[in-house]
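Student: Dropping a structure here in structure tokens format, bear with me for questions.
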Amino acid sequence: MLLARSTWTDVERYLAHSTGIVIPMGSTEQHGPIGLIGTDAATAEAVAHGLGERAQVLVAPTLALGVAQFNLAFPGTISVRATTLMATVEDLVLSLTAQGFRHFYFVNGHGGNVAPVRAAFQDIYARWSLGERSGASPRCRLRSWWEYPAADALRRTLYGAAEGMHATPSEVAITRHCDPQAFAAQTEASDGATLLPPQPLSSAFLRDHGGDNHWDARSHREAFPDGRVGSDSGLARATDGAALLELAISGAVEDYRAFLAEE
Ligand code: NI
């Protein structure tokens with residue numbers, strides 16, 4: 001069930017039996033020489049829509065702009081400030097809480113969104129803690145699709161260290177599966193042939209920059225000239241993307257049900 005394709009009367013009927021909603025969120029940013037700029041929004045949306053169908057839960061429009069300032073030196077990237085994303089998440093949750101929604105399940109496709117969105121959840125709960133709002137406080141959860149254990153295990157098995165941090169073969173594989181037309185000009189054979197493996201990441205880099213915790217855009221482009229951060233995107237195959245997506249959706253269904261059952 002997609003919110004954008006529902007009427008208000010559909011939503012009123014839905015609220016009579018469920019207080020849950022799924023919100024896909026991603027980013028609009030460069031994903032290396034072969035990855036699509038919409039990769040993070042597309043992957044999160046595919047998982048969220050699968051979850052929506054299987055768990056019969058309403059899915060909100062995808063929040064496609066994320067915190068990606070470090071990629072702004074690559075053409076096509078759009079970044080919102082962390083405070084803008086926080087305000088958007090807060091406004092979304094407060095809008096729907098006032099109508100009877102209570103369980104907000106964010107399916108994320110971009111590491112840079114994690115810290116601000118979790119901070120926004122704390123600011124939302126604070127309104128109830130401080131007595132500004134009455135009634136039951138909302139419950140919010142953020143999961144990035146690669147965190148679901150079976151999907152995580154498969155991407156490690158398929159790619160090992162070549163998964164890297166950005167323009168990962170796993171995310172590119174999912175988009176190749178979901179949107180083959182966008183890749184029509186890139187053949188499976190030419191990818192591997194034209195795209196050399198990226199420079200490996202040191203353990204110190206992984207420690208200090210995990211979760212897309214990067215410096216400014218100019219330094220980032222200088223450090224990673226083709227946009228990939230340790231990821232060998234050329235390994236991405238649509239068939240593997242289909243398998244990764246399936247595992248992420250089943251992980252999401254299980255986790256969403258547990259989220260509703262909490263408390
Ligand atoms: Ni990405």
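Student: Would you order 1, 86 from fewest to most other beta-carbon atoms within 10 Å of each residue's own beta-carbon?
Tutor: Numbers: 1 17, 86 22.
Exposure proxy ranking, most exposed first: 1, 86.
Student: Against the longest principal axis of the chain, how steep is helix 39-55, in degrees 0 to 90 to the nearest 10, with axes from Cα atoms?
Tutor: 40
Student: Please compute the net charge surrounding residue 157, taking Lys and Arg as +1 and Asp and Glu as -1 over other residues with Cβ under 15 Å from its Cβ.
Tutor: Numbers: positive: 155, 156, 237; negative: 152, 163, 232, 240, 246.
Here the count lands on -2.
Student: Share of Cα-Cα pairs in the range 126-220 beyond 19 Å, in percent? Each step should come with its number before you reach the end.
Tutor: Values: 2761 of 4465 pairs.
Distances greater than 19 Å cover 62 percent of the Cα pairs.
Student: Right, next: Apply 1/(1 + (r/R0)^6) to the Cβ-Cβ distance of residue 128 and residue 8, taking R0 = 22 Å, and write down the FRET efficiency to the nearest 0.05. Present the calculation step by step, with values, prior to reporting the outcome.
Tutor: Details: r = 26 Å, r/R0 = 1.18.
Efficiency, from the Cβ-Cβ distance: 0.25.
Student: Turning to a different aspect of this structure: Once the piece of chain linking residue 16 and residue 258 is laid out straight, how much longer is it, given 0.36 nm per residue of separation minus the C-alpha distance between them?
Tutor: Details: separation 242, 0.36 × 242 = 87.12 nm, distance 2.02 nm.
Full extension of this stretch gives 85.1 nm more.
Student: Subtracting the Cα-Cα distance from 0.36 nm times the residue separation, let me have the gained length for residue 207 to residue 239 in nm, one decimal. Please report the intermediate quantities before stating the final value.
Tutor: Values: separation 32, 0.36 × 32 = 11.52 nm, distance 3.15 nm.
Length gained between residue 207 and residue 239: 8.4 nm.
Student: Now for a separate question. What is the angle, in °, between the Cα long axis of helix 82-97 and the longest principal axis of the Cα atoms in the chain? Nearest 10 is fine, range 0 to 90.
Tutor: 40
Any read-out appearing in this document is the output of simple, stated calculations on the displayed coordinates, not a laboratory observation. Here the structure is a predicted model, which means the values were calculated and not measured. Reconstructed Cβ throughout: ideal geometry from the backbone, glycine too, with neighbour counts over all protein chains shown.
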